[in-house]
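To keep things clear, I will list the structure first and then write my remarks on it.
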Amino acid sequence: MKSKVMNLLWPLGFGIALILVWQLGIFHKILDLKPFQLPVPTEIASTLAANWPKALQDCGVTISGALIGMIIGSFIGFAIAAIATFFPKWGYGGMIVVTALNAVPIVALSPIMNLWFSTGMAQKIGVVTAVCMAAMAINAYSGLNSLNPYSIDLMHSVAANKWTIFRKLRLPNSLPYLFTASKINIASSIIAAIISEYFASSTSGLGFGIKDNLRKAEMAMGWSYIVVASLAGVILYCLILLVERDALKWHASQK
Amino acid sequence: MIGKKDQRTVAIVWVIGIIVVWELMAFLLKNVVHDPMAATKLPYPHVVATTFMENWRMLLEAGAVTFSRAAIGFVLGTSVGILLAVFMSLSKTMERIAFPYLIISQMIPVLGLAPIIFNIVRDMNVSRIVIAAYITFFPVAVNMLSGLKSVEQEKKDLLFSIAANKFKVYQKLMFPFAMSYLFTGLKIAAPMAVTASILVDMLGSKSGIGVKILYALYSDSANIFWASVLTSAFMGIISFYIVIFAERLCLPWQNAVPGKEGVRA
């Protein structure tokens, strides 16, 4: 019990100390910054409070793009992994290609999507889809294929066909991996959506807000957008954790 | 399982297949759909290849600027990440303080900070290095720590029983054990460091591959644009394979599988 309290108190104390140091301008002294370059926490908070509806609206635009892209990307990624599982020899080569795709920088994708799609939303969804697809395909593939050898033998001994093995063994086995992929994807989809907005033709959203406010030298507003984006990321991440805890009650990692 | 030679053939067939499909798509877009923007939207791959050949010196120079900054930041972030992981494994208090922040920071869109850091530092090279280091730091620290923590207690007890000191335990047991975890983190971090570096390029740097992308985009030179985008894509892929190569070199006993999942910032 005591250690649980300590687990909470230590990081909390550290966080408060950090914000105090920031607030009192010690960072500014060390790094030789002016307050207008790095606004203090109270200023960020008051700016955010004053512009709350606008920030929330921009956040909604970005998050909805990120979520739609993530859902489409995850489905395509899973489909790729499933196809690769059914055709092991050629599928393995396909997975190498997908792994390479995973290493392609998001910023390089963003201008391509800007050429292909005309609206900011479609461009955003395109970038997020490409990013999420790769991570999901890689994780789903290892989930569908890292099976317990005994289970496979058992399936073969009852003459189960490929489809039955897939449904009864591979699919449940892949579930924890799918959640791992979703947890990775939730953060990267928000990043991808924001980066896409830096360059896309959109005039709303967090990325546009950050860029626009920095251009107008309104640093505090830029920082409040970062705060909102982080909060959204944390909330979505926790949502996935909750679903995971519910869906994987049977799995060892949850016990 | 499939043999090594087979794997290579399959991979080559895939690459050729993709180029053929691309060629076909470009042809369809141009001659069947009659898209007036076809040459910009999806140029023929052989056209892009020739553009690349003609401008390879410029592209490689720009790429080298971006890549070297990413590499410096990557090394810096890796060192800080490893140091923090070691501190956290040494001291319970340190882990209690830092670990929640490591986890939370994974959910924060770090690259969203890029323009802000750029605005604070006001120097392209420094901000490129800072952001690349910052983004490398988290996956490295998290994975390294989980490696250090998964050493079995029995092994540690054995070393302590022959009166090994803490330093020796780390040198002989903990570090070698955590290496494969560290490389998982590095594999995630390497392409992200390149991404960060390119992003800073595009936010208003003077040199680097990102500048070439933007410049080509605005000056309507589609072929240069596609060649630059492909160069930057290859930079990410190359950084990934450099880490895999280093892993094979450092951990020859481990059969590196590309795309092992892990924690990503």
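Per-structure values
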quantity: Listed residues B:Met174, B:Phe99, B:Ile16: farthest to the positive end of the dipole of chain B (Cβ charges); calculated: B:Met174
quantity: Within the protein assembly as shown: Cβ-based charge dipole about Cα centre, in debye rounded to nearest 20 (Lys, Arg +1; Asp, Glu -1); calculated: 1120 debye
quantity: Net charge contributed by nearby residues that have their C-beta within less than 12 Å of B:Lys172 (K/R +1, D/E -1); calculated: +4
quantity: Unsatisfied cross-links (Cα-Cα over 31 Å) in the set A:Lys34/B:Lys187; A:Lys249/B:Lys172; A:Lys183/B:Lys212; A:Lys29/A:Lys211; A:Lys124/B:Lys212; calculated: A:Lys34/B:Lys187; A:Lys249/B:Lys172; A:Lys183/B:Lys212
quantity: Under 24 Å from B:Lys30, Cα to Cα: lysines that are on another chain or at least 8 residues apart; calculated: B:Lys41
quantity: Exposure proxy order (Cβ contacts within 10 Å, fewest to most) of A:Cys59, B:Cys250; calculated: B:Cys250, A:Cys59
quantity: B:Phe234, B:Phe240, B:Phe137 arranged by Cβ crowding within 10 Å, fewest neighbours leading; calculated: B:Phe234, B:Phe240, B:Phe137
quantity: Principal axis dimensions, largest first and in whole angstrom, of chain B by Cα; calculated: 76, 53, 31
quantity: Kirkwood estimate for the protein assembly as shown, i.e. one over the average of 1/r between Cα atoms, Å; calculated: 24.6 Å
quantity: Net charge, B:Ile120 excluded, C-beta distance under 14 Å - Lys, Arg +1, Asp, Glu -1; calculated: +1
quantity: Shape box of the range A:182-244 [Cα atoms, principal axes, largest first, Å]; calculated: 42, 23, 14
quantity: Cβ-Cβ FRET estimate between A:Ile83 and A:Ile19, R0 fixed at 51 Å, reported to 0.05; calculated: 0.55
quantity: Cubic angstrom per residue, convex hull over Cα atoms of the range B:104-208; calculated: 115 Å³
quantity: Student exercise, the range A:205-255 dipole from Lys, Arg, Asp, Glu Cβ charges, in Debye to nearest 20; calculated: 80 debye
quantity: Straight-distance crosslink candidates among aspartates and glutamates, where the alpha carbon sits under 17 Å from A:Lys162 and sequence neighbours closer than 8 are dropped; calculated: A:Asp153
quantity: Modelled label reach - B:Tyr241, point 7 Å along Cα→Cβ, the range A:80-96 residues with backbone N closer than 17 Å; calculated: A:93-96
quantity: Dimensions (Å) - chain A, Cα atoms, principal axes, largest first; calculated: 72, 58, 32
quantity: Relative exposure of B:Thr136, A:Thr203, judged by other C-beta atoms within 10 Å (fewest first); calculated: A:Thr203, B:Thr136
quantity: Angle in degrees between helix A:52-86 and the longest Cα principal axis of chain A, rounded to the nearest 10; calculated: 20 degrees
quantity: Among A:Gly126, A:Thr85, A:Gly205 - extreme Cα towards positive end, dipole of the range A:39-254, charges at beta-carbon; calculated: A:Thr85
quantity: Size of charge dipole - chain A - debye, nearest 20, with Cβ of Lys, Arg +1 and Asp, Glu -1, no other charges; calculated: 580 debye
quantity: Residues of type lysines that B:Lys166 reaches as a straight line, Cα spacing below 16 Å, ignoring anything fewer than 8 places off in the same chain; calculated: B:Lys92, B:Lys149, B:Lys155, B:Lys156
quantity: Ellipticity estimate at 222 nm from DSSP helix runs (n ≥ 4, -39,500 (n - 2.57)) divided over chain A, nearest 500; calculated: -27000 deg cm²/dmol
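Read the figures in this text as sums done on the coordinates, not as results from a lab. The model shown is predicted, which means the values in this text are computed figures rather than measured ones. Note that we place each Cβ from the backbone using ideal geometry, even for glycine, and neighbour counts take in every protein chain shown.
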